[in-house]
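Q: Below: one structure in C-alpha cells.
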Amino acid sequence: MVNYSVFQNFTSECYFDGPYPHVLIRNAIDEDLYDELEKTFPFNKRHPDYNKNNMRLNIGCEEMLANNTITDHWRNFIEYNSGPEFWKDFSNIFQSAASKQYKLNLSKLKLIRDLRSSSKIKQEGADFSIDCRVAVNTPSTGENKKRKAQPQANIVRGPHVDKWNALFFGLLYMRANKDDSTGGALNIYKFKKGYRGPKYFGKGKGNAPGDSSEVNKDAIEVAETIEYSRNTFVLALNSPKAIHGVTPRAITKHPRRFVNFIARYKEPLFKRF
C-alpha cells in the first residue's frame, strides 16, 4: 500500500519553534513515489503564461482532480494531502502552537476543500478550506541592468507575511532531476533585535482579509535558508512573525516546481499591521 502523506517521515527533530513554528522534512515521501510524481509532474508547458519571465502559476486541487489526464498516483496524492488525513497529521504536530497563537482546537475544526473566500467557507458551514496545489515559477529569462547588457538574477517574492486568514503555508519541492539552476531557496526570516523603524509596507492592494503584507528588509535578518532541493517539505504556522521569501533565481530554462499547501480560515487570524 502506497503512503501518500507528506508527513510520513516526520520525527520530533523535524519540528522547530523558532523563529516561528515550522517543520522541515528532507526526503519527505518515499523515493519511489517521489520519482513517479517527479516524472509525471502535471503542469502543462502550453499554459498561456508559461513563457512569461519567472511568474508564479498555480493549479488548485479541485481543478487537478477534475483533470482526467493526471496519473492515479497524482490523484491519490492530491486527495490525501487536501483531506482529513493530512489535517489530522498537521493537528497532531501543531496543536500546541495553534492553541497558543490563536486559541484554536484544531481537531474540532470542520474542513472543506479548495475554497478561497472566507465568506464562501462560512456559507458551506465549514471553519476553513484546505488546498494542495500544483505550482511553478516559470523559467527565469533575466532582465537587463540599466547600464549593462548583462542579465541579472530574478527574485520570485521578497520577504512577506501571507494572507491574514491563512492558517499555514507549506511546500514540497518537486525539483526535476535534470534541473541545474541556482537560487530559488526559501528564506525564513526573523526581526532584528532592537529595530525601531517601520516593519511592514505595501499591504496588498486593499484591506480585504486576503491581502498579504511585504516586510521591510532593514527590519529583518535570515534565520534559516531551505535550499530548492528535491523531495524537501516545509510547512509553517502563519502569523505576523511568519516572514518568508524566495532567493533570486539565476537565468534558467527550468521552472521551479513544487506542491503548495494552504489552509484558509473563515475569519481573520490576526490584525492588519
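The values are calculated or read from the model by the stated rules, or taken from the named source; none is laboratory data. Fair warning: this is a prediction, and the values are worked out from it, not measured in the lab. FYI the Cβ positions are ideal-geometry reconstructions off the backbone, even for glycines, and counts take in every protein chain you see. Surface accessibility is based on the protein's heavy atoms, side chains included, excluding ligands, DNA and RNA. Shrake-Rupley method; radii C 1.70, N 1.55, O 1.52, S 1.80 Å.
Q: Convex hull volume of the Cα atoms in region 155-269, per residue, in Å³?
A: Taking only Cα atoms, region 155-269 has a hull volume of 109 Å³ per residue.
Q: Expressed as a rounded percentage, what relative contact order does the chain have, with Cα pairs under 8 Å and six or more residues apart? Don't skip to the answer; put the middle values down first.
A: Values: 576 pairs, mean separation 74.3, N = 273.
After rounding, I find 27 percent.
Q: If the viscosity is 1.306 mPa s and the temperature 10 °C, what Stokes-Einstein diffusion coefficient in µm²/s follows for region 1-70 when Rh is the Kirkwood radius over Cα pairs?
A: Estimated diffusion coefficient is 104 µm²/s.
Q: May I pose another question? Per residue, how large is the accessible surface of the chain? Use a 1.4 angstrom probe and give square angstrom.
A: Spelled out: the 1.4 Å probe surface of the chain, per residue, equals 50 Å².
Q: Roughly how many whole Å is it from the C-alpha centroid of region 75-146 to that of region 1-55?
A: 14 Å
Q: I'd like to know how region 54-94 sits against the 2.2 N^0.38 Å rule of thumb: what's its Cα Rg over that expected value?
A: Normalised by 2.2 N^0.38 Å, the Cα Rg of region 54-94 equals 1.40.
Q: Right, next: With a 1.4 Å probe and all protein chains in place, put Arg56, Arg264 in order of accessible area, largest first.
A: In descending accessible area the options line up as Arg56, Arg264.
Q: Report the FRET efficiency, 1/(1 + (r/R0)^6), for Lys120 and Lys178, where r is their Cβ-Cβ distance and R0 is 35 Å, rounded to 0.05.
A: It comes to 0.30.
Q: If I build a Gaussian network model for the chain, linking alpha-carbon pairs within less than 10 angstrom, which residue out of Arg113, Arg256, Arg196 has the largest mean-square fluctuation?
A: Greatest mean-square fluctuation among the candidates belongs to Arg196.
Q: Still on this structure: Would you mind working out the magnitude of the charge dipole of region 1-73 relative to its Cα centre, with +1 at each Lys and Arg C-beta and -1 at each Asp and Glu C-beta, to the nearest 20 Debye?
A: Values: 6 positive and 12 negative charges, 99 e Å.
Here region 1-73 has a charge dipole of around 480 debye.
Q: Which three numbers, in whole Å and largest first, are the semi-axes of the equivalent ellipsoid of region 83-128 derived from its Cα gyration tensor as √(5λ)?
A: Working through the eigenvalues yields semi-axes of 20, 13, 8 Å.
Q: Place the peptides 103-111, 73-81, 238-246 in order of packing, highest mean first, counting for every residue the other Cβ atoms within 10 Å and averaging per peptide.
A: In descending order of packing, they fall as 238-246, 73-81, 103-111.
Q: Could I ask something else about it? Of Lys110/Lys192; Lys39/Lys271; Lys100/Lys217; Lys88/Lys253; Lys178/Lys266; Lys45/Lys192, which ones are farther than 31 Å apart at the Cα?
A: Exceeds cut-off: Lys110/Lys192; Lys39/Lys271; Lys88/Lys253; Lys178/Lys266; Lys45/Lys192.
Q: Return the Rg/Rh ratio of region 1-148 with Cα-based radii and a Kirkwood Rh.
A: Ratio value, two decimals: 1.02.
Q: Next question. May I ask you to list the aspartates and glutamates whose Cα is less than 13 Å away from that of Lys52, ignoring any residue fewer than eight positions away on the same chain?
A: The qualifying aspartates and glutamates are Glu143.
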